[in-house]
Each structure stands twice: as C-alpha cells, then as structure tokens.
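What follows is a set of notes on a single structure, which appears directly below.
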Amino acid sequence: MKPGLKHRTLSAAILDQLRQAILDGTHPAGTQLRQDALADSYGVSRIPVREALFQLEAEGLVRMVPQKGAIVSDLSVDEINDVFELRRIMEPRLLARAAPLFEAADFARLDAIHARFTAATGAHDVSQWGILNADFHMALYERTCLPRTRQIVATLLQTSDRYTRLQLSTTEAMGRAETEHAELIALCRAGKVEAACRFLDAHIGTVHADLIRVIEHRVGRAGGEALATGPNLG
C-alpha cells in the first residue's frame, strides 16, 4: 500500500470509530476529545486523529473550542430544524425521479433493508437504527441522475443518525417507522409516485415533530440544562 493511501485509510478508520463512539454515547455531548490521548489509544500519530476530528467538525458532531480542542456537540434544535427542513425539500424530489425507474432488484433491496431494520428494532439494536434508516432512504434514491443532491442527502442522513436514535427511543416510534417504511415500498411498487412523495414528506415531518417533542420533554425534565446523548437514547 502506498504511504499516502495508507495514511488516508488510517484516518478514515479512526473517523469511523470516533463517529460511532459519539453516536452510541461512548463520548457523550460535552466530552473533550484530546488529540494526544486519542493518538495514544489508537497507537498512531496525531495527524490522522486531527484529520478525523476536522471531519467530525464538518459533520457537526464536534466543535473546535480555543484552548480546549474538540468537544462533542450538544443536540441542537436549530440543527434538527435545518436538517429536516432540507430533507423535506430534497428527498421527495429524489424519489420523484427514482421511483418510475424502479425494477425488481430495487424492490428486493428495499425489502431486504426493511427486514433488517425490523429485526434491529425488535432486538433494540441501537447501533443499527440510524445506519439502516439511512440505507433505506438512500436505496429509494439510487436510480436518480442527481448525484450532487444525493450526496447532500447522504450527509444530512449521516447528521440525522444521532437524532434518529433519539426519535426511535420509544416503542411507538419504532413501530411507526417500520409501518411507514413498508408503506413507502408499497406505494412505489404500485406505481403511485406522487402519493409516495407526499407520504415521504409527511414521514420526514413526523420524525421531525417527534424529535422536537422528545427534546422538549428531556430539557424540561432536566430543568433546561444542556442535553447529552447516551447509549439509551435510541
């Protein structure tokens, strides 16, 4: 392996591990991520760690604070509103382009992802919820010829991961997500593209509203203190 490629691969691997540790609550909101300590724990120099932290900052999972370095970001109502409003603009547009082009293989893939999502929610497998939710949504848009929009949505879904886990923290929300994903597949399979796009918009809007309710409840319960993610948030 060429040195440059090895370095990029190492940085990407550290990025994946740090991102997962933030999403699953190993590093809760407010945690300081010290470059030297992380480099020691991974057995690497500080360079790939620093690159990974800068990428996490770009994803909104950490913020760089003078004299302190990287701090795991708090859950943000403003960010939730921004992310989900953008998703409601972009995702129905992608589905409108993609759904008329669906073939049997596309539906087989959607069915398979939905089955894994259902199994993960049944097993309360928190680590898989956001991943499979993003996989499902991106599979809906695979046929589009709008690569830039698709990439933006992929980034929004990645940002949504920690919020999706929070929103799916109740049995009611998990059951509704399974039902609504199944309905999206059924509408697309029936060729009801406009109805599917309207349903997708409503689906994203429901998740958005659920999140705001959950956050307001948690803030109220904590007396207005800053929120922190944890392994049981869903």
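The values are calculated or read from the model by the stated rules, or taken from the named source; none is laboratory data. Source: prediction; values computed, not measured. All Cβ positions, even for glycine, are placed from backbone atoms using ideal geometry, and neighbour counts span all protein chains on display.
Only residues that are buried (at least 17 other Cβ atoms within 10 Å of the Cβ) and among the acidic types (D, E) were counted across region 20-50, and they come to 1. When A29 is tested against (1) among the small types (G, A, S); (2) at pLDDT below 85; (3) more than 23 Å from the chain's Cα centre (by Cα), only condition (3) is not met. Would a scan of region 134-149 turn up a residue that is closer than 30 Å to R34 by Cβ and either small (G, A, S) or in the same structural domain as L200 (by TED's automatic domain parsing) (or both)? Yes, region 134-149 contains a residue that is closer than 30 Å to R34 by Cβ and either small (G, A, S) or in the same structural domain as L200 (by TED's automatic domain parsing) (or both). Just one of the listed residues (T144, T164, T121, T171) is modelled with pLDDT of 80 or more and under 20 Å from D24 (Cα atoms), namely T121.
Condition check: modelled with pLDDT of 95 or more and surrounded by fewer than 19 Cβ atoms within 10 Å (Cβ to Cβ). Does R87 satisfy that? Spelling it out, it is not the case that R87 is modelled with pLDDT of 95 or more and surrounded by fewer than 19 Cβ atoms within 10 Å (Cβ to Cβ). Contact map, region 13-25: residues that are over 17 Å from D74 (Cβ atoms) paired with residues that are aromatic (F, W, Y), Cβ distance under 9 Å, separation 6+ or inter-chain. Pairs shown: A13/Y42; I14/Y42; Q17/Y42. Do we find that A99 is surrounded by 19 or more Cβ atoms within 10 Å (Cβ to Cβ), assigned by TED's automatic domain parsing to the domain that holds N133 and not acidic (D, E) in this structure? So A99 passes the test.
Whether a residue is among the basic types (K, R), assigned to a helix (DSSP H, G or I), without any contact (Cβ under 8 Å) to a residue 12 or more places away in the chain and surrounded by fewer than 19 Cβ atoms within 10 Å (Cβ to Cβ) was assessed, and R148 passes this test. Scanning region 189-217 for residues being more than 28 Å from S76 (Cβ to Cβ), out of contact with any Asp or Glu (no Cβ under 9 Å at 6 or more places or on another chain) and either among the aromatic types (F, W, Y) or surrounded by 20 or more Cβ atoms within 10 Å (Cβ to Cβ) (or both) gives a total of 0.
Residues in region 95-144 that are of a type in the set (D, E), farther than 22 Å from F84 by Cα and outside any helix (DSSP H, G or I): E103, D125.
The helices (runs of 4 or more DSSP H) found wholly in region 1-80 include none carrying at least 3 residues that are assigned by TED's automatic domain parsing to the domain that holds T159 and touching a Cys at 6+ places or on another chain (Cβ under 8 Å). Among residues of region 183-201 that are of a type in the set (A, V, I, L, M, F, W, C), those with a Cβ under 7 angstrom from a residue that is not in a helix (DSSP H, G or I), sequence gap 6+ or separate chain, pair up as C188/F102. If I go through region 127-163 residue by residue, how many of them are over 12 Å from the mean Cα position of the chain (by Cα) and among the charged types (D, E, K, R)? Final tally of qualifying residues: 4.
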